[in-house]
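Enquirer: I'd like to ask you about the structure that follows.
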Amino acid sequence: MRLSDWLGTVRTAFAHPARALLTLLGIVIGSGSIVLLASLLKSAEEALVLANQSATDSDLVEVRADEVPTAQRERTRRELTRGDGDLLDGAPVLGGARAATEGRRQGMALVRGKQKPVGLVSATESTLSMYHLGVEHGRFLTAEDADRRARVAVVGHEIFRDLYGGVWDGREKSIQVDGATFVVVGVLAHKAYIGSTTGTWIWDRKVAIPAPTFDATFAANHQVQRLFVRRPSGPGALSLEALRGLVRASVLRRHLGVENFKLQETEGGKEDRLIIGTVQGLLLGTGLLALLASGINIMNVMLVTVTERTREIGIRCAMGAKRGLILGQFLAESAILALAGGALGVG
């Protein structure tokens with residue numbers, strides 16, 4: 001077709017403004033709904049990740065301390081300790097994977113006569129990224145804090161609000177947890193969570209201190225509750241399942257064959273994926289139905305157009321126009337309407 005033919009096709013497609021506008025509106029709604037639903041799904045996924053209080057990264061292997069199996073209770077064993085993390089951190093058998101340990105305990109915080117139950121946790125510089133945390137005031141714990149065994153702490157948003165009135169005035173603040181006093185150097189940004197709870201497992205109610213300080217004050221035996229191993233990236237890197245198997249074998253060997261630990265995927269991550277998958281199926285199904293309705297709308301308009309132009313088609317056939325050329329013209333008109341409506345809907 002020549003350029004003049006294409007221009008004529010465009011004019012013909014919009015020859016009936018009201019009909020063309022209604023057709024475009026249907027396509028705009030269909031394509032726009034797909035874009036909107038995709039955006040909502042992406043936002044929902046990010047919100048769930050940010051609201052999750054656990055480490056949900058897909059490249060993490062998590063080891064948790066567990067009860068000793070009944071059949072192994074009389075055997076000599078080792079508990080999950082910092083030594084397990086030291087063994088695994090950078091181990092060649094794991095492809096240089098990085099490992100980190102985490103100690104936890106419940107405690108009672110005291111500030112100027114005010115009390116509040118808190119969760120006390122040992123933390124490192126990597127804790128921020130691993131748990132998707134932010135710092136609202138001050139700073140987070142550093143490697144220097146750990147080297148000096150500094151008695152410093154970073155408190156959760158709710159602790160700061162309830163015990164300090166939510167005012168960060170630059171003056172030194174201290175917090176006492178189970179008789180141990182720490183200088184508050186930072187406040188975590190509020191980390192939203194789904195539902196409601198009175199527990200201290202959410203980050204808004206946690207106090208983070210350096211791992212060496214945690215051990216010296218509360219865990220002289222260096223026991224921990226969690227061990228994280230991050231799968232290395234790059235070509236030739238171990239698969240997550242292979243890494244899980246190697247981590248289990250290494251920890252089991254160090255614990256003298258007693259399985260007083262368990263490996264697991266992050267449960268929060270599995271729940272998030274299930275929720276997102278379900279919502280995605282429902283919303284995308286709705287969007288596809290909207291697109292189908294738009295397609296039927298175009299078919300209906302083109303059927304009416306062909307019926308109205310029967311005389312024109314007959315004259316063109318009598319003048320020697322081939323069937324394919326006439327069919328191509330109507331397909332071009334419908335394509336122009338679909339592309340125009342799609343572009344507007346995406347925009």
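The values are calculated or read from the model by the stated rules, or taken from the named source; none is laboratory data. For clarity, every value in this text was computed on a predicted model and none was experimentally measured. Glycine also receives a Cβ, built like all others from the backbone with ideal geometry; neighbour counts cover every protein chain displayed. Heavy atoms of the whole protein, side chains included, go into the accessibility calculation; ligands, DNA and RNA do not. Shrake-Rupley method; radii C 1.70, N 1.55, O 1.52, S 1.80 Å.
Enquirer: When the gyration tensor of the chain is built from Cα positions, what are the square roots of 5 times its three eigenvalues, in whole Å, from largest to smallest?
Expert: Working: eigenvalues 807, 138, 54 Å².
They are 64, 26, 16 Å, listed from largest to smallest.
Enquirer: If you don't mind, another one. Compute the long axis of helix 17-51 from its Cα atoms, compare it with the longest principal axis of the Cα atoms of the chain, and write down the angle in degrees, 0 to 90, nearest 10.
Expert: With both axes taken from Cα atoms, the answer is about 10 degrees.
Enquirer: Next up: Could you order R112, R105, R244 so the one with the most accessible surface comes first? Probe is 1.4 Å.
Expert: Details: R112 185, R105 85, R244 45 Å².
Accessible-area ranking of R112, R105, R244, largest first: R112, R105, R244.
Enquirer: Principal axes first, then extents: for the Cα atoms of the range 133-212, list largest minus smallest coordinate on each axis, whole Å, largest first.
Expert: 39, 26, 26
Enquirer: Put +1 on the Cβ of each Lys and Arg and -1 on the Cβ of each Asp and Glu in the range 205-347; which of I315, Q223, S334 then has its Cα farthest toward the positive end of the dipole?
Expert: Farthest towards the positive pole: Q223.
Enquirer: Quick one: dipole size for the range 223-347, taken about the Cα centre, charges +1 on Lys/Arg Cβ and -1 on Asp/Glu Cβ, in debye to the nearest 20.
Expert: Roughly 500 debye for the range 223-347.
Enquirer: Quick check: residue separation of D57 and R148 times 0.36 nm, minus the Cα distance between them. What number comes out in nm?
Expert: Numbers: separation 91, 0.36 × 91 = 32.76 nm, distance 3.00 nm.
Roughly 29.8 nm would be gained on extension.
Enquirer: Another question, then. Place +1 on the Cβ of every Lys and Arg and -1 on the Cβ of every Asp and Glu in the chain, take the dipole about the Cα centre, and give the residue among V258, L25, I298 whose Cα lies farthest towards its positive end.
Expert: I298
Enquirer: Relative to the first principal axis of the alpha-carbon coordinates of the chain, what is the inclination of helix 3-13, with its axis defined by its Cα atoms, in degrees from 0 to 90 and to the nearest 10?
Expert: Taking the Cα atoms of the chain, the angle to 3-13 is about 80 degrees.
Enquirer: Oh, and also: Normalised by the residues of the range 38-140, what does the relative contact order come to in percent, with Cα pairs under 8 Å and at least six apart?
Expert: 20
Enquirer: How large is the helix-only mean residue ellipticity at 222 nm for the chain, computed as the sum of -39500 (n - 2.57) over DSSP H runs with n ≥ 4, divided by its residue count, in deg cm²/dmol to the nearest 500? Show your work: numbers first, answer last.
Expert: Numbers: 11 runs with 169 residues, N = 347.
Theoretical 222 nm ellipticity from helices: -16000 deg cm²/dmol.
Enquirer: Given +1 on the Cβ of Lys and Arg, -1 on the Cβ of Asp and Glu, and no further charges, what dipole in debye does the chain carry about its Cα centre, rounded to the nearest 20?
Expert: On the way: 41 positive and 35 negative charges, 92 e Å.
My answer is approximately 440 debye.
Enquirer: Same structure again: With a 1.4 Å probe and all protein chains kept in place, how do K191, K42, K322, K262 rank by accessible area, largest first?
Expert: Final ranking, largest accessible area leading: K322, K42, K262, K191.
Enquirer: Okay, moving on. Using protein chains only and a probe of 1.4 angstrom, how many square angstrom of V279 are accessible, to the nearest 10?
Expert: Result for V279: roughly 60 Å² accessible.
Enquirer: Further question: Expressed as an acute angle from 0 to 90° and rounded to the nearest 10, what is the orientation of the C-alpha long axis of helix 240-254 relative to the principal long axis of the chain?
Expert: 10
Enquirer: Work out the length of the dipole vector of the range 38-145 about its Cα centre, built from +1 on the beta-carbon of each Lys and Arg and -1 on the beta-carbon of each Asp and Glu, and round it to the nearest 20 debye.
Expert: Numbers: 14 positive and 17 negative charges, 119 e Å.
Taking the Cα centre of the range 38-145 as origin, the dipole is about 560 debye.
Enquirer: Can you return the lysines within cross-link range of K191? Criterion is Cα-Cα under 17 Å, with same-chain partners fewer than 8 residues away left out.
Expert: Once the sequence-local lysines are set aside, what remains near K191 is K206.
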